[in-house]
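Comments concern the structure below.
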Amino acid sequence: MRKIISAAMLIIAIVTMSCRAGDFVWSNPLDLQYTEGQTAPRKEIRDPCIIREGDTYYLVFTMWPFRNREEKFLNEPDQGGSPGIALYSSHDLKSWKFENWLVKSSVLPENCPYKNRFWAPEIHKIGGKFYLIFTADNWLKKENNPAGTWGSAGYAFIGVAGRISGPYEHITWIRGAGCDTTLFGDSDGKTYAFIPHGNIDVQEIDLTGIAHDEVKLLGNPQRIVTADNNDIGIAAKPDYLEGPWVEKIGTKYFLFYAEIYRDEKFPEWLGYWTGVASADSPLGPWKKDSRGKLFAGGHLAVFDGPDNRKWFSYRGESKNSAHGLLCIDPFDVDASGTINTVAPTINSPVTTR
C-alpha cells in the first residue's frame, strides 16, 4: 500500500513540477548591463532586437552614445559615436553575456562607409542564413559615405552569415533605404524591406547578389502606413513613425512601429508608443489598429518566447524606472486579429500563467 501511495505521490509531484517548469517569471526592466566599448558600465539602450535560435536568445541593440555626427566629439573614441554592434546571449532572458563584436568601429579602416553611428541593428534569419541590417555612416570624410556626403541619420547596410554569431560578410549599402529599415522574409521566398520616411514604405528586396556585394530594392516604394491618424478617426497624430518590425502570425501580417506624440493639445497621447497595422499580404493594404497605440514603449522586435508565444523586446518608456532600459512582454492575437498584451509591465514580477 505504501508503494502505491508513494508512486501516486511521485506522479503528482512530476506533474506539478512539469506545470511549474512551464511558468516564466520576469520583471521589467531586465538586468542588462554592458561595458563593451564604454568608459563606464551602461544600462541604457535603444532599439533592442532579441532573436531566438534553438534554446538561446540573442540580443543586439544601439549602444551608447546615441549621437549624430558632431564636430566637438570627433576627437573622442570612435569619433564620438557608438562603438559598434555587440552580440549578447541568454538562456533565460534574465542574465546576459557578451558573445562577440559583429561590427566594431575601431578596427575598421578610415574609409569604411559604415564606420560610425551603428543605430537600430537587427538580425533576421531568412532562407537558412542570418542577415544583419543596421544604420551607419562615416564621420571622418563625407566622401567615404555611400552617397558621397554626410547622412542626416545614416545609411542602411546589410551583411550575411552562416551562423548567428557571424562573421557577417559582404556588408553592403542598400541604395534607397534609410535609418531603421527592417527586413521580412516571407514563406514564398520573397523578402521585403520596410522603410520609414516619417511614414512607412515597403519594397521587395533582392538579396541573391549579396555574395557579390550587390543588394537591390525592386520596383517603386509603396506607402503603406502614414503618421496621420485620419484613417482611424483620431485627432492626435504622431510627428513621425520609425522602427518598423513585421511578423507573420497565422495567415495575418502585423506591422509594429514606434510613434512619437508631442502635441500638448492631447496630453494623454504624449510620449513614445508602439502602434500596429495588419494586412493579408506584405504589400497590403494595411489597416491600422483603431486604438492608435498599444503601449508606452517602442522600437521593438518580436521573438519566440519561453512559453510558445510571441514576445516583444523593447526600450522602456516613459516617466518610470524602466525609461531607456531593456524590457520584454508577451502578447497574443485574438480571433478578430487584435493584438492583446500586458505591456508595459514595470518593476513587479509577472508570471506567464
Any residue at all in the range 139-155 that's crowded, with 16+ Cβ neighbours inside 10 Å, assigned to a strand (DSSP E or B) and hydrophobic (A, V, I, L, M, F, W, C)?
no
Could you check Asp137 against (1) within 21 Å of the chain's Cα centre (by Cα); (2) farther than 21 Å from Gly84 by Cβ and say which number it fails?
(2)
Just to be sure, is Trp173 in contact (Cβ under 8 Å) with a residue 40 or more places away in the chain, surrounded by fewer than 21 Cβ atoms within 10 Å (Cβ to Cβ) and either touching a Phe, Trp or Tyr at 6+ places or on another chain (Cβ under 8 Å) or under 30 Å from Asp55 (Cα atoms) (or both)?
yes
So Asp263 fits all but one of (1) touching a helix residue (DSSP H, G or I) at 6+ places or on another chain (Cβ under 8 Å); (2) closer than 17 Å to Asp289 by Cα; what number is the exception?
(2)
Hits in the range 296-351 (condition: assigned to a strand (DSSP E or B) and surrounded by fewer than 13 Cβ atoms within 10 Å (Cβ to Cβ))
Asp332, Asn340, Thr351
Would you point out which residue out of Lys287, Lys310, Lys265 is of a type in the set (Lys, Arg) and touching a residue at least 60 places away in the same chain (Cβ under 8 Å)?
Lys310
Given the options Gly159, Gly178, name the one that is assigned to a loop (DSSP other than H, G, I, E, B) and within 22 Å of Glu247 (Cα to Cα).
Gly178
Just checking, does the range 248-262 include any residue being charged (D, E, K, R), under 18 Å from Gly298 (Cβ atoms) and at pLDDT 95 or above?
yes
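The values are calculated or read from the model by the stated rules, or taken from the named source; none is laboratory data. Everything numeric in this text was worked out from a predicted model, so none of it was measured. Backbone-built Cβ (ideal geometry, glycine too); neighbour counts: all protein chains shown.
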